[in-house]
Amino acid sequence: MIVIKLGGSLATSGKLQQCLDKIDKDYQRRAVVIVPGGGVFADQVRQVQKQWQFDDRTAHLMAIHAMQQMALLFKALKPHFMIAASVNQISNQINQQGVFIWSPDVTELDSAGIPSSWDITSDSLSAWLAKTLGADELIVVKSVNINPDFDVLKLMQQQIVDASFHKFTQQTLFKLNIVNAEEFIS
């Protein structure tokens with residue numbers, strides 16, 4: 001099984017459709033789960049939180065909804081991909097042919113002890129999902145250039161991945177690839 005996290009900024013960079021087409025073409029014969037970033041919807045949450053100064057729990061809930069909105073966008077662009085909201089739903093259906101889009105369930109994340117913080121974004125959630133599902137590989141697709149010899153701690157310092165990503169990728173068995181969208185679609 002492969003988990004592929006598509007950064008939310010791919011929607012505004014013009015690369016989202018190409019990334020979805022690549023998955024559709026090259027990954028159909030494997031068990032694949034796509035994790036959507038929150039993109040412009042999550043950016044809106046950050047802006048509104050700054051303006052209204054509400055708590056991180058509320059922002060977290062809104063950011064999860066942002067990921068769910070992106071999941072709906074992905075599904076609209078690839079109607080034959082299937083949306084799944086929980087680990088159990090993915091696990092029960094992953095043996096079927098096709099690609100799943102994860103639309104995370106807040107209750108499941110709360111039960112797993114995932115804190116409500118901007119230190120944990122869809123990057124860390126994709127690592128949590130990959131570990132929880134026992135995935136063989138996690139591919140994180142970003143709009144920015146990534147050094148092929150990337151260092152997770154350096155990417156955290158550069159704010160390319162979130163501040164908790166290193167913690168979520170420790171003691172995991174999956175192969176980790178963080179790539180630029182151009183590299184992914186080539």
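The values are calculated or read from the model by the stated rules, or taken from the named source; none is laboratory data. All values derive from a computational prediction rather than experimental measurement. Don't worry about glycine lacking a Cβ; one is built from the backbone with ideal geometry, like all the others, and counts go over all protein chains shown.
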(request) Only residues that are over 25 Å from residue 170 (Cβ atoms) and part of a loop (DSSP other than H, G, I, E, B): list them for region 69-128, please. (result) 78, 79, 80, 81, 85, 95, 96, 97, 98, 103
(message) residue 117 - would you say it is small (Gly, Ala, Ser), buried (at least 20 other Cβ atoms within 10 Å of the Cβ) and closer than 20 Å to residue 39 by Cα?
(response) no
(request) Mind listing whichever residues of region 1-25 are part of a loop (DSSP other than H, G, I, E, B) and buried (at least 22 other Cβ atoms within 10 Å of the Cβ)? (result) 7, 8, 15
(request) Exactly one condition in (1) touching a strand residue (DSSP E or B) at 6+ places or on another chain (Cβ under 9 Å); (2) modelled with pLDDT of 95 or more; (3) closer than 28 Å to residue 152 by Cβ; (4) hydrophobic (A, V, I, L, M, F, W, C) is not met by residue 94; state its number. (result) (2)
(request) Out of 28, 44, report the one residue that is of a type in the set (S, T, N, Q), surrounded by fewer than 21 Cβ atoms within 10 Å (Cβ to Cβ) and at pLDDT below 95. (result) 28
(request) Write out, first by first residue and then by second, each pair whose Cβ atoms fall under 7 Å of each other, whose residues are 6+ apart or on separate chains, and whose first residue, in region 143-156, is under 13 Å from residue 182 (Cα atoms) while the second is of a type in the set (A, V, I, L, M, F, W, C). (result) 143/10; 143/181; 144/160; 146/178; 146/179
(request) For residues that are farther than 21 Å from residue 84 by Cβ and not in a helix (DSSP H, G or I), tally how many sit in region 26-61. (result) 3
(request) Hey, could you check region 134-180 for residues that are over 14 Å from the mean Cα position of the chain (by Cα) and part of a helix (DSSP H, G or I) and say which is surrounded by the most Cβ atoms within 10 Å (Cβ to Cβ)? (result) 155
(message) Filter region 105-139 down to the residues that are polar (S, T, N, Q) and without any contact (Cβ under 8 Å) to a residue 60 or more places away in the chain and list them by number.
(response) 107, 111, 124, 132
